[in-house]
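> Sharing a structure, written as C-alpha cells. Questions coming.
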Amino acid sequence: MLKLEIVTPEKRIVDTEADSVTVPTASGEAGILPNHAPLISALKPGVLTYSDRGGTERIAIGGGFVEVNSDKVSVLADTAETADEINAEQARLERDAAEKAIAEAIQRPVEETEDLRERLESANARLQLAAGK
C-alpha cells in the first residue's frame, strides 16, 4: 500500500492509503505502485487518479510537484478539485478565455504563452472530470 497525501496552499485534500496512483507529470503520465523508485517531478494540469480497495478516485489538479519515497506519495498541487467541487460553467468560461488568449498570441514565442496553455490544460482537465461525475 502507498500512503497518499495531496495538499494545496489552502488545505489538505487527501490523506489516505492507495494501491496505485497516476499523476500527470510534465513528461507524461506516471503510474506509481508500491516499492516505486524515489522520484521528484513537476506536475502539469491534469487528472490525478488513485485506486484503493477496489474503488477509483479522480482529482483535477492545476500543476505542482510530486515526491515518491518509501511508499509515500506526496503531492503539492497549485489547485485540486474533486468532480463535485467543479463548476463546469466556470471551467468552460476559463477554457474559452484561454483559447481566445492563445489565438490572439499566435505571433508570440511559445515560451511566452506557456501560462496560457497551462490555463487551458487546467480548464480541460476540470471539464473532463466534471463530465465523468
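Any read-out appearing in this document is the output of simple, stated calculations on the displayed coordinates, not a laboratory observation. This structure is a prediction, so every number in the text was calculated from the model and none was measured. Backbone-built Cβ (ideal geometry, glycine too); neighbour counts: all protein chains shown.
> Please list, ordered by residue number, the strands (runs of 3 or more DSSP E) wholly in the range 33-97 having 2 or more residues that are without any contact (Cβ under 8 Å) to a residue 24 or more places away in the chain, out of contact with any Cys (no Cβ under 8 Å at 6 or more places or on another chain) and farther than 17 Å from Glu121 by Cβ.
Those strands (runs of 3 or more DSSP E) span 55-69.
> Across the range 1-24, what is the total count of residues that are among the hydroxyl-bearing types (Ser, Thr, Tyr) and over 11 Å from Val73 (Cβ atoms)? If you could, list the steps in order and put the result at the bottom.
First, the residues of the range 1-24 that are among the hydroxyl-bearing types (Ser, Thr, Tyr): 8, 16, 20, 22.
If we keep only those that are over 11 Å from Val73 (Cβ atoms) as well, we get 8.
Residues that pass the stated criteria total 1.
> Oh, and also: Among the residues of the range 21-32, which ones are part of a strand (DSSP E or B) and more than 13 Å from Gly64 (Cα to Cα)?
Of everything in the range 21-32, those that are part of a strand (DSSP E or B) and more than 13 Å from Gly64 (Cα to Cα) turn out to be Val21, Thr22, Gly28, Glu29, Ala30, Gly31, Ile32.
> Taking Pro9 as the residue in question, decide whether it is closer than 19 Å to Gly132 by Cβ and touching a residue at least 40 places away in the same chain (Cβ under 8 Å).
So Pro9 fails the test.
> Can you name every residue in the range 98-133 that is in a loop (DSSP other than H, G, I, E, B) and among the hydrophobic types (A, V, I, L, M, F, W, C)?
Hits for the range 98-133 are Ala105, Ile106.
> Has the range 85-96 got any residue that is of a type in the set (Val, Ile, Thr), more than 30 Å from His36 (Cβ to Cβ) and in contact with a helix residue (DSSP H, G or I) (Cβ under 7 Å, 6 or more places away or on another chain)?
So far as the range 85-96 goes, no, none of its residues is of a type in the set (Val, Ile, Thr), more than 30 Å from His36 (Cβ to Cβ) and in contact with a helix residue (DSSP H, G or I) (Cβ under 7 Å, 6 or more places away or on another chain).
> Within the range 1-20, which residues are over 12 Å from the mean Cα position of the chain (by Cα), under 14 Å from Val68 (Cα atoms) and of a type in the set (A, V, I, L, M, F, W, C)?
Once the filter is applied, which keeps residues that are over 12 Å from the mean Cα position of the chain (by Cα), under 14 Å from Val68 (Cα atoms) and of a type in the set (A, V, I, L, M, F, W, C), the range 1-20 yields Met1, Leu2, Leu4, Ala18.
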